[in-house]
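Trainee: Structure below; questions to follow.
The values are calculated or read from the model by the stated rules, or taken from the named source; none is laboratory data. What you see is a predicted model, and the numbers here were worked out from it, not measured in a lab. Cβ coordinates were reconstructed from backbone atoms using ideal geometry, including for glycine residues, and neighbour counts include every protein chain displayed. Quick note on the areas: whole protein, heavy atoms, side chains included, nothing else; ligands and nucleic acids left out. Shrake-Rupley method; radii C 1.70, N 1.55, O 1.52, S 1.80 Å.
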Amino acid sequence: MKAIIFGPPGSGKGTYASRLQAQLGVDVVAMGDIFREIMKEHTQLGNKVKQYVEKGLLVPDNVVIEVLKQRLAKTSKSKGFILDGFPRTIEQAKALEGIVPIDVVIQLDVPDWIIIERLSTRRICKNCGEIYNIRHLKPKKEGVCDKCGGQLYQRSDDTSEVIKERIGVYERQTQPVLQYYKERKFPQIEFKCKEVNMPPEVALERIVKDLKRLKLVQ
Ligand code: ADP
Ligand code: ZN
């Protein structure tokens, strides 16, 4: 299975992708995680990426596409993968077609008020990147990752100012990608979230059921 998980910031892309990875044994390629790793290195590329991410703006397409190509070259051919956070522009969607064919787009539909509530209370594991929420998806022990014991932190772009910018960027630049896939009649799975405290398992069950129906997983 080669899937794209698509939705606004805070829609649960990373949360579901990490659970689908555990359940289905697929690889996850998360663009935001890759950039956070790159930013830790104080290279020219790292510093450039940081200028965009800190403001909630998109990293330029040519940079993103090159980084993605290199990362995809490392994925196992047999396992399949889920792309989280790519493509975020029509240009990226077009480039992807030249890199690898995609089987399905998993679309997450979440109202703005839930996004804002979730992002402002989100925490991430410093060590493994697992996603928590101090109100709606708490770790067993405060400030500590259930999976690896790592320390939880708040992303520097999860502040109200930058969250607003990211939502705007999504609406202007990323939402049109959905239309692009609709026009090309790509298989789509849609999950609509209506409650802020909906357990990830509910969405997951629905998504897996649809993937089975499309015969993308057994
Ligand atoms: P979110 O929680 O908003 O979905 P991510 O962790 O996926 O955030 O991405 C964080 C930031 O990394 C984005 O706000 C953007 O600056 C940059 N980024 C991630 N993926 C892309 C992409 N495909 N194109 C351009 N910039 C990207
Ligand atoms: Zn962890």
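Trainee: Looking at the chain only, what percent of DSSP beta bridges run antiparallel? Nearest 5 please.
Mentor: 30 percent
Trainee: Taking the Cα of Lys194, stepping 7 Å toward and past its beta carbon, and measuring to each backbone N in the range 101-138: which are under 16 Å?
Mentor: Within reach of a label on Lys194, which here means backbone N under 16 Å from a point 7 Å along Cα→Cβ, the range 101-138 contributes 109-114.
Trainee: Tally up the carbon and sulfur contribution to the accessible surface of the chain as a whole percent, 1.4 Å probe, everything protein left in place.
Mentor: About 50 percent, which is the carbon plus sulfur part of the accessible surface.
Trainee: Got a sec to turn the phi values of the range 129-141 into Karplus ³J(HN,Hα) couplings, 6.51 cos²θ - 1.76 cosθ + 1.60 with θ = phi - 60°, whole Hz, x for Gly and Pro?
Mentor: The phi angles translate into x, 4, 9, 10, 9, 5, 9, 10, 8, 7, x, 4, 10 Hz.
Trainee: Find the accessible area per residue for the range 2-213; the probe is 1.4 Å, ligands and nucleic acids are left out, and the unit is Å².
Mentor: 52 Å²
Trainee: Between Glu97 and Leu214, how many nm apart are label points set 7 Å from Cα along the C-beta direction?
Mentor: 1.8 nm
Trainee: If you place +1 on the Cβ of every Lys and Arg, -1 on the Cβ of every Asp and Glu, and leave all else neutral, what size is the dipole of the chain about its Cα centre, to the nearest 20 Debye?
Mentor: Once rounded to the nearest 20, the dipole reads 480 debye.
Trainee: For the modelled label position 7 Å from the Cα of Arg184 along Cα-to-Cβ, which residues of the range 92-125 have backbone nitrogen atoms closer than 14 Å?
Mentor: In the range 92-125, the label zone of Arg184 (backbone N under 14 Å from the point 7 Å along Cα→Cβ) covers 92-106.
Trainee: Using each residue's phi in the range 41-55, evaluate 6.51 cos²θ - 1.76 cosθ + 1.60 at θ = phi - 60° and report the 3J(HN,Hα) Karplus result to the nearest Hz, with x for Gly and Pro.
Mentor: Going residue by residue, I get 7, 8, 8, 4, 4, x, 5, 5, 4, 4, 4, 7, 4, 4, 8 Hz, with x marking Gly and Pro.
Trainee: When the Karplus curve 6.51 cos²θ - 1.76 cosθ + 1.60 is applied with θ = phi - 60°, which whole-Hz ³J(HN,Hα) does each residue of the range 12-29 get, with x for Gly and Pro?
Mentor: Ordered by residue, 3J(HN,Hα) equals x, 3, x, 4, 6, 4, 5, 6, 5, 4, 5, 7, 9, x, 8, 7, 10, 10 Hz.
Trainee: Show me the trypsin sites (Lys or Arg not before Pro) within the range 177-218 that DSSP assigns to loop and that have at most 12 other Cβ atoms within 10 Å of their Cβ.
Mentor: Hits after loop and neighbour filter: Arg184, Lys185, Lys194, Lys215.
Trainee: List the residues, sorted by chain then number, that are 5 or more residues from Glu130 or on another chain and whose placed amide H is less than 5 Å from its amide H.
Mentor: Amide H to amide H, under 5 Å and 5 or more residues apart or across chains, Glu130 pairs with Cys125.
Trainee: Is the shape of the range 168-218 best called rounded, prolate or oblate, per the rule: a/c under 1.5 gives rounded, else a/b larger than b/c gives prolate, else oblate, with a ≥ b ≥ c the square roots of the Cα gyration tensor eigenvalues?
Mentor: Taking the square roots of the gyration eigenvalues as a ≥ b ≥ c, the range 168-218 is oblate.
Trainee: Over all alpha-carbon pairs of the chain, lay out the pair-distance distribution in 10 Å bins, whole %, shortest bin first.
Mentor: Pairs per bin, as whole percents: 8, 34, 41, 17, 1.
Trainee: So which residue, out of Leu57, Leu45, Leu137, gets the largest mean-square fluctuation from a GNM of the chain using Cα contacts under 10 Å as springs?
Mentor: Sorting by GNM fluctuation, first place goes to Leu45.
Trainee: Tell me whether the range 115-218 comes out rounded, prolate or oblate; compute the Cα gyration tensor, take square roots of the eigenvalues as a ≥ b ≥ c, and use a/c under 1.5 as the rounded threshold.
Mentor: It comes out oblate by the Cα gyration axes.
Trainee: Could you work out how much longer the chain between Gln51 and Lys69 gets when fully extended? Use 0.36 nm per residue separation minus the Cα distance between them, nm to one decimal.
Mentor: Taking Gln51 through Lys69 to full extension adds about 4.3 nm, to one decimal.
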